[in-house]
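Take a look at the structure below.
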Amino acid sequence: MSQLIYPLRGGVHPPENKQQSLQSPLRRLAIPGELVFPLAQHIGAPAKAVVEIGDRVLAGQMIAEPNGPFSAAIHASTSGTVSAIEARPIPHASGLWGDCIVVAADGKDESIDFVGCENPFKIDHESLIEKIRHAGIAGMGGAGFPSAVKLNPPPNNNIDTLIINGTECEPYITADDVLMQERSEDIIRGCTLLAHILNGPDRILIGVEDNKPKAIAALEQSLLKLAAEDLPGIDRVQVVSFPTKYPSGGEKQLIQILTGKEVPSGGLPAHIGIVVQNVGTTVAIWEAIKHGKPLIERITTVVGESLKEQGNAIVKLGSPSQFVLEQFGFQEKSCARLIAGGPMMGFSLPDSRAPIVKTSNCLLVPSHQEMPDPAPAQACIRCGHCAEACPAGLLPQQLYWYAQAKEHDRLLAHNLMDCIECGACSFVCPSSIPLVQYYRASKGEIRQAEIEKEKSDRSRQRFEFRQKRIERAEAEKEAKRLARKKAAEAAKAKAAANAGAAKTAPAADPVAAAMARVQAQQSDPAEQLAKLERAVNNARNRLNSAEEKWQQAEGDQKAKLESRFKQAQLRLQDAESKLHDFKQQSAGQNPAPSNPTSASPTTPLNIDSDDPIERAKAKAQQRLSMSPLEKAENNLSSLNDRLKKAQEKASEADDDKRAAMEAAVEKLKQKKTSLEKEIDELKAQAPLKENTATAETPVDPNSIDDPIERAKAKAMQRLNMSPAEKLQNSLQALQTRLAKAEEKAASADEDRRPAMQAAVEKLQEKIKTVEQEITEFKAQEEPAKPAESANESSGIPLDAASAAIEKAKAKAAAQAQMSDSEKHAAQVESLQQRIQKAQQRLDKATEEGNDNVDAFRLGLEKLQAKLKELESE
Amino acid sequence: MSFLRASSPHAHAANNTTKVMQTVLLATLPGLLALTVFFGPGSIINILLALIFCLAGEALVLRLRKRPLGFYLRDYSAAVTAVLLGLALPPYCPWWVVMVASVSAIIIAKQLYGGMGYNPFNPAMVGYVVVLISFPLQMSQWPSPASLLESLPSISASISQVFTGQGLDAYTSATALDIVKQNNSQLISQVYADSDLLRSGSLAGAGWEWVNLGFLMGGLYLLYKKVFTWHAPVAMLASLSLFALLGYDSGSSQSGGSLSLHLFSGATMLGAFFIITDPVSSAVSNKGRLIFGAAVGALVYLIRVLGNYPDAVAFAVLLMNFAAPFIDYYTVPRSYGHAKPRKATEKQEP
Ligand code: SF4
Ligand code: SF4
């Protein structure tokens, strides 16, 4: 052994008490009736149960999967049925209960097929790590650190030393000693495999205290024997023994003893190129990869004077401690305490039902003579024994002093956080002060304080950041305001002029159109019926959605929504009764005419063709015929506007809103493309209609000689289209609402956002249904109503449409290049236009008694408010 | 069944404060023996008186503070204070001197600061210094060693001397340190030739050298029993030796006394092994104890040679008790995983 040994600072020599458990040979325990598998057996996130109550499980079957990388899987250790998933006593220092999967064993001990592999050294690093994670292997020396994490050190740390920890410095425990004697070959194989996983470190050191001569001999023998085999890296394996002293088995201490290096405070061994694994873990990893067997059993030392026999046993994980102890003749009466682990670092278990877990290396049940109750603490006489014993180079007496005074600053200055809680200081303290207990409590307090501090820091930062942002925004606004003022005035003047011009021009249209419509409706019962039916449907839909919302809402909102729901109910009743009335009426008056095709020939009789007014009306109606395309174009331009604005907003918005904004922009873009497509379709339809018109139209307006009559006929055809138009109208209204809702959703704050988004989604759905209706309608219409004024719909409007598109595009482009003030002016302008349009729409709707009146009015009001806002800027 | 819940570690070394204190008491025996052999039963009477006053004082305060009497008295710390005080006071000093010293030690120096473990000053030394300053006459009367008297004082005469001030005639003489200090116009060799006391001793005067050897023995025993570490005593003796060597010019009238005189006279060994090793009032780390001990050694020499008092252990120790917290601040050991030791005055991670 050429390996140098470095001295361990501090340390104590507690009575070893290792002989008791070495007297009887290793045995295998029976299967208990019930096994309990805590979900948290390792450091890190608890595993996630993947079985349910009543499931039958086999030995080796995964019953809980790792929950993230810092976790380990859990496997059933025998066959049986999952009888419960609930809180049970678990072996934890806190003594608290934890979630467990409980398996009622069936005694058959059936197992899944373990799939091993021929040559583990050929498997790549990633798959090996994955296999280890899924085999549920966590440090078996006591800490329970998930092995897969340890074996996957940060890539910039070059691991040059692998240390296999066979120290077992705790008194009483001999589990690793026995393992090293029984499984020395697997340990050697396992450590070469670990070295392979770690990319071949220069040294592989198996550290064993010199009080285990048999284990050392077994390891050395196996090393010699396996040297003949072709194990990669076996020439770098060394068995190193060193003097017995507690706590040389602590990871940091072992590193110091074997390499002379110290793990930097707060760092990991990997930071100085070292990885340490326990011998038990090494064997488990070898088994998992070579034989495919997950971690379902381990060697546990069962020792203490309140047992009839003492020894080591292979125990199935999940076996209750009580069961294990009974196998060794446990006499509960004489037991002073039940300790999981050794006497120095083990923790006392209040409940013997707590199961054996991956980290259970020992169950210690001393008698009262063996371990008398702790003596009452006396005053610290500052003898300094503790400081001499401390392997971490701390001053335990000072730490104790400051812990009592809760002086956290001083505790940190005295490196409390480097205390490994080995208990050496308490062990030697002549005043029997439970020093470690104080340190644990103080560490907890400090961590808690840190968490709280971090929390308050973060919220303060957030507040300051927000404050700054608001200030900045204010300043920017102020700067812009002045610049805008003049531009706004100019724009206002211009807009007023525009508006004046615009108002006069289209004024004739709505009146005429409305009159024509009213006439048409009166004259067309079928149309009216359809409308009423739609109204009923609408009302019903609204009622449904209101009900849904109402049921989902809570608190204040609920009351509001309830009234809305009631209103919707009333409206539905109203609509239904109207429909009912109308049906009765029409049944009495006019039993036949429910077909638009049969209706159209009769209607022209109602119009007096000689009247010039009638002619104007007809013209107006003709103009109306252009409306789908025009409207589409309008939509497009307004969409462009909105898109622009949304993009601006998105670029101005801060991070957390940006995502929402960008989504809104995305949606607008989609809408725009779909609208453009619609326009294209409309354009495409026009020629098609022209074709069909000549071929099939029964009443071709062109074939009518009288121009007036022709106009009338056309107008009537147009009227036939009005349901589609209406659908278009409502579609448009819906779309504006959607846009607004989206805006609101984007600007809403966190807690209201979900509600808003739900509203947006509902609107989107509605739009979809309306769109569908439209297409259906169109499909119906196509064969039924083929007559379409060929020349009008084909040539000129098409040009107008493309011109409008061009215009919109140009506008958008121009807008993009505008300065702020210009933009503002343009915004004002476009808003004013929109208001006009909205006004018209509203007027029309009121006259028609359209369902959407409310929506239109609301939209108008909003637009007006916006305009005011803009102007005031 | 629910089991006892206890914090790790569950094992405990077979030692406790009481045992430590008992060991210390045991270790004073060789010194006490030498004192009795050479100076008569005076020291034993001192110790008994001090024990009575100290334990009574401790019990009184514990009662007032409503602390369990038995538990605290059984820690033997008051007893140790009493014994050390009894050893330090001149034999046959009046009983009220012992009483004042005891009360000062236990009530003022120890309990008023919070009891065992909380006293910044060594209680025995506080008691000693209080009476040294208050009653300089009584405190300077050391008996002559037996070899210079016809017979050792009898027990009854001793007792009457202690309680009535009469019973012993002309039993006092100057101590070795007094002699050397007061004869600064003579060569050291002349001083030795003139003094019976110094002439009859081989190291530092008759009796005294044996007393110091006795305490040295006790101290070595305590070291062996690992009651304390070697750092403070060795540092004190080493620095005292160094100063003595530097200040001794092989016997001129300006000479500060020989190495052996300083090491084996007065309270040197008592101080080195029983006073400055009092853990409560000294520095906590080994490095700190080295500094503490060395400083005490230096002060002892300086006060002996340059000060007004012939012996200086008590003053030196009290002065360094003052300094101990500061030493602690700057001698925090380097913890595992830290590149260099951190000063305790640093509050947070840098
Ligand atoms: S061992 Fe105990 S009594 Fe001694 S200094 Fe440490 S805490 Fe104080
Ligand atoms: S428990 Fe902490 S302070 Fe005590 S000896 Fe161990 S590392 Fe040092």
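Which whole number gives the average, over all residues in A:383-390, of C-beta atoms from other chains lying within 10 Å of the residue C-beta? If you can, show how the numbers build up before the last one.
Working: counts 13, 11, 8, 1, 6, 4, 1, 3.
Mean number of neighbouring Cβ atoms from other chains: 6.
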> Which percent of the accessible area of the stretch A:385-470 is formed by carbon and sulfur heavy atoms (probe 1.4 angstrom)?
Replying inline: 52 percent
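What does the charge add up to near B:Thr18, with Lys and Arg as +1, Asp and Glu as -1, over the other residues with Cβ less than 11 Å from its Cβ?
+1
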> For A:Asn119 and A:Arg353, what does the FRET efficiency come to when R0 = 56 Å and r is the distance between their Cβ atoms, rounded to the nearest 0.05?
Replying inline: 0.80
> Peptide B:12-21: average number of partner chain Cβ atoms within 10 Å per residue?
Replying inline: 6
> How big a patch of accessible area, both sides summed and in Å² to the nearest 100, lies buried between A and B at a 1.4 Å probe?
Replying inline: 5000 Å²
>> Give the separation of the Cα centroids, the stretch A:289-315 to the stretch A:451-483, in Å.
In response: 61 Å
> Sorted by packing (mean other beta-carbon atoms within 10 Å per residue), highest first, where do A:312-323, A:403-414 land?
Replying inline: A:312-323, A:403-414
> Say R0 is 60 Å: what FRET efficiency, to the nearest 0.05, do A:Asn156 and A:Thr846 get from their beta-carbon distance?
Replying inline: 0.25
>> For the stretch A:1-43 and the stretch A:822-845, what is the centre-to-centre distance using only Cα atoms, to the nearest Å?
In response: 83 Å
> Check A:Gly98: other-chain or 5+ apart residues with amide H under 5 Å from its amide H, H built from backbone geometry?
Replying inline: A:Arg88, A:Ile90
> Using modelled backbone amide H atoms (1.01 Å from N, in-plane), which distant-in-sequence or interchain residues come within less than 5 Å of A:His75's amide H?
Replying inline: A:Ile63
> Taking K and R as +1 and D and E as -1, what net charge do the other residues with C-beta under 13 Å from the C-beta of B:Pro123 add up to?
Replying inline: -1
>> Shape verdict for the stretch A:141-274, please, from the Cα gyration tensor: rounded (a/c under 1.5), prolate (a/b greater than b/c) or oblate.
In response: oblate
> Just in the stretch B:1-109: which trypsin sites (Lys or Arg not before Pro) are loop by DSSP and have at most 13 other Cβ atoms within 10 Å?
Replying inline: B:Arg5, B:Arg65, B:Lys66
>> Filter A:Lys150/A:Lys252; A:Lys477/A:Lys866; A:Lys18/A:Lys308; A:Lys212/A:Lys245; A:Lys468/A:Lys645 down to the pairs with a C-alpha to C-alpha distance above 19 Å, please.
In response: A:Lys468/A:Lys645
> Counting partner chain Cβ atoms within 10 Å of every residue's Cβ in B:321-334, what's the average?
Replying inline: 2
>> Can you give me the long-range amide H partners of A:Ser367? Hydrogens built in the peptide plane at 1.01 Å from N, cutoff under 5 Å, separation of 5 or more residues or another chain.
In response: A:Glu305, A:Ser306, A:Ala336
>> Students often check this: by mean Cβ neighbours within 10 Å, which of A:237-250, B:301-314, B:262-275 ranks highest, and how do the rest follow?
In response: B:262-275, A:237-250, B:301-314
> Among A:218-230, A:111-123, what's the highest-first ranking by average C-beta atoms within 10 angstrom per residue?
Replying inline: A:218-230, A:111-123
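The values are calculated or read from the model by the stated rules, or taken from the named source; none is laboratory data. This structure is a prediction, so every number in the text was calculated from the model and none was measured. Here the Cβ is made from the backbone with ideal geometry for all residues, glycine too, and neighbour counts use every protein chain on show. These accessible areas exclude ligands, DNA and RNA; they are computed on the full protein's heavy atoms, side chains included. Shrake-Rupley method; radii C 1.70, N 1.55, O 1.52, S 1.80 Å.
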